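One structure is given here, and the rest of the page talks about it.
What follows draws every value from the coordinates through simple rules; no lab data is involved. All values reported here derive from a predicted model rather than from experimental measurement. Reconstructed Cβ throughout: ideal geometry from the backbone, glycine too, with neighbour counts over all protein chains shown.
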Amino acid sequence: MSDDLKLSGFARRDLLKAGAAAAGLAYAAGPLSAQGPAKKGNRIDIHAHVWTDEYLDMMERFGVKDTSVQRKKGAGPEEADMAKRFAQMDAAKVTKQILSICPQAPHFEDKNNAVAAARAANDLYADVVRRWPARFAAFAALPLPHVDESLKELDRAMAQPGFVGATIGTFPAGRSPADPSFFPVYEELNRRGTILFIHPTGCNIYSPLIAEHHMTWMVGAPMEDTMSVLHLMEAGIALKFPKMKIVNCHLGGALPMLYQRFDNQYGWEDPRFPEKPSIAAKRMWYDSVGHGHPPALRAAVDTLGADRIVLGSDFPYEAGELYKRAIGYIEQAGLKKEDATQILDFNAARLLGML
Ligand SMILES: [Zn+2]
């Protein structure tokens, strides 16, 4: 074992697993297409949000500077908002949305604030799922960077109906998603064999070149996705926790475009990667949120494989005509029909055990 690999903390069995995966594409979580065709699909949107003004007020009290981007977007749990949401879901033949509280994730240095916000988020989602169990399930919010409290909150949330995994921001309280202090949480998600949905937080990857130019969501968010995916691959997180199903947002950011570059350069620039980025990338999943841009979706499918792409909309940011497009562009992108069908109606449902 080289010093680099020793440094990366990999045991021999991890390397053997990596070799097996590279040779036979026998990914730990299993290629979805190998699980056999299901007769009837289930169109599930894995990327959608609900917020209340009360929750957003709490976030501002705890120091979040701007929650206006979440307000007045039709993402409340009131009957009127929900009626409009359900009409859009029905028009797009979406049966269910999986809700996540991000980007307003409860990641605060202050432990009490983090726990209070995570509990509030999970209580809100428990209530929404209880009221509309046919239309929603939810990812549990975690009060990272506080690991013991996150484990407790995960237990509390997952004991309630309708919670199907956990969600964290890309860089919780400024930490890498691959921070070793988070490993107990990943061990628990791995033990449960459940989903970790990782979503941008509007942190601009801590670059004033993004923040000061008001490009937080235009480009900051997909850069967060890109950097988060790279950190996860560099630390071999999907190798270490093979039953935790990691779902990244927005087609993995720039991942499809930079795929070959990563493979060509990591060896001399960052040899801590325990395996080729192109192999590591296929141990995770990516939602289909590409703002209705067919070439981006085609690049992701060509690069990562259709079985790695799960349906997502980013409701309420893609609402109305944009919601229709977020779903419809998958059929209209020139993909093979079988690939489009798997992305639309099977991949998310399989990942969630909802087929
Ligand atoms: Zn989102």
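Summary value for the chain: 19 percent relative contact order, contacts being C-alpha pairs under 8 angstrom separated by 6+ residues. Using only the Cα atoms, work out Rg/Rh for region 39-352, with Rh taken as the Kirkwood radius, to two decimals. Dividing the radius of gyration by the Kirkwood radius yields 0.94.
Which net charge results for the neighbourhood of Ile195, defined as the other residues with beta-carbon distances under 12 angstrom from its beta-carbon, given Lys and Arg at +1 and Asp and Glu at -1? Please list the in-between numbers first.
Values: positive: Arg192, Lys243, Lys245, Arg350; negative: Asp287.
For residues surrounding Ile195, the net value is +3.
Amide hydrogen proximity for Ile246: with H placed 1.01 Å from N in the peptide plane, the residues at 5 or more positions away or on another chain lying under 5 Å are Leu196, Trp285.
Between region 273-303 and region 44-67, what is the separation of their alpha carbon centroids in Å? Centre-to-centre (Cα) distance: 28 Å.
Using just the helices of the chain, give the 222 nm mean residue ellipticity in deg cm²/dmol: DSSP H runs with n ≥ 4 each add -39,500 (n - 2.57), and the total is spread over all residues, rounded to 500. Don't skip to the answer; put the middle values down first.
Values: 16 runs with 159 residues, N = 355.
Result for the chain: -13000 deg cm²/dmol, rounded to the nearest 500.
Estimated at 0.36 nm per residue, the fully extended path between Asp53 and Glu78 surpasses their Cα-Cα distance by 7.9 nm.
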